[in-house]
Amino acid sequence: MKYLANTIVAALAIIIAAYLFSNAFQNRNRSADTISVTGLGKQDFISDLIVWSGSFTKKNPVLRDAYASLDQDREVIRKYLTSKGIKAEEIVFSAVSINKEFQYQYDSNGNMRQQTFSGFALTQNVTIESKEVDKVESISREVSQLINSGVEFYSNPPEYYYTKLAELKIKMIAEATKDAHARAKSIAENAGSSLGDLKKSDMGVFQIIAQNSSEEYSWGGSFNTSAKKKTANITVKLAYQVD
């Protein structure tokens, strides 16, 4: 009797172990039965904010006179910009940068023999930030008028931004997620399976490049500011359980 009981217990232990092993094996395979897909969200848009800057310089052996000349140029620039329709609050002048300049004399061996102070060079930057993109863009191309008036003005290329980028990004994430889901569903159906629960999701890098350009994407994310018309891209990677 005791032998029979031991035999029954041993048999039950084998059956239970086999069941547990089978269940673990099935769960392991089930966790491996997943589909990973990448969806793309893409949107063209036009910048609604422009930032344009430039600098102007005056030189004079006397610092006070250099400041006086720079003040005159600053007023010429301010009046010019406001006459073109730029609002006064959109014009920002930076602090003045002061550099001492010298003239150098060298001997026949290229060694410096003498340096003579030649004057002060004062430089100031001006920045215009406006939502009137086309207007400021046009003005940035007409700076020769300032130069012709005697202002030593150096213009920088305009930079273009989009103030509704956060809303756009949310919309694109939804689009990329929808695209990834459709891809996963198609793959599952073609394989004779059905799509199960979402197991994992990862968002890729947000990229902004110029429209219709050969600009390369960056692993860290591109953010083009030189083009008014841009294209934004974002990817979303989803992993689904397959039933």
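Of note:
- From the list ASN224, ASN233, the one residue that fits, being polar (S, T, N, Q), closer than 15 Å to GLY39 by Cβ, surrounded by 16 or more Cβ atoms within 10 Å (Cβ to Cβ) and touching a Lys or Arg at 6+ places or on another chain (Cβ under 7 Å), is ASN233.
- Top-ranked residue of region 143-196 - restricted to ones that are under 34 Å from the mean Cα position of the chain (by Cα) and part of a loop (DSSP other than H, G, I, E, B), ranked as nearest to LYS58 (Cα to Cα): GLU152
- Looking across region 115-163, the residues that are closer than 27 Å to ILE46 by Cβ, in contact (Cβ under 8 Å) with a residue 24 or more places away in the chain and hydroxyl-bearing (Ser, Thr, Tyr) come down to THR127, SER130, SER140, SER155, TYR160, TYR161, TYR162, THR163.
- Strands (runs of 3 or more DSSP E) completely within region 24-137 that count 1 or more residues being among the charged types (D, E, K, R) and exposed (fewer than 14 other Cβ atoms within 10 Å of the Cβ): 34-46, 97-106, 112-130
- Criterion: under 28 Å from THR231 (Cα atoms), within 35 Å of the chain's Cα centre (by Cα) and modelled with pLDDT under 95 - qualifying residue of VAL51, VAL37: VAL37
- Qualifying residue in region 109-119 (condition: among the polar types (S, T, N, Q), in the same structural domain as VAL151 (by TED's automatic domain parsing) and closer than 23 Å to PRO158 by Cβ): no
- Residue match in region 207-214 (condition: among the β-branched types (Val, Ile, Thr) and under 13 Å from the mean Cα position of the chain (by Cα)): yes
- Unique match (being loosely packed, with under 15 Cβ neighbours inside 10 Å and over 30 Å from ILE77 (Cα atoms)) among GLU216, GLU142: GLU216
- Cβ pairs under 8 Å, 6+ apart, first in region 84-107 and touching a residue at least 24 places away in the same chain (Cβ under 8 Å), second of a type in the set (Asp, Glu) and in a strand (DSSP E or B): GLU90/GLU129; VAL92/GLU129
- Residues being β-branched (Val, Ile, Thr) and touching a residue at least 24 places away in the same chain (Cβ under 8 Å) - total across region 74-83: 2
The values are calculated or read from the model by the stated rules, or taken from the named source; none is laboratory data. Everything numeric here is computed off the predicted structure, so don't read it as measured data. For neighbour counting, all protein chains shown are included, and Cβ atoms are generated from backbone atoms with ideal geometry for every residue, glycine included.
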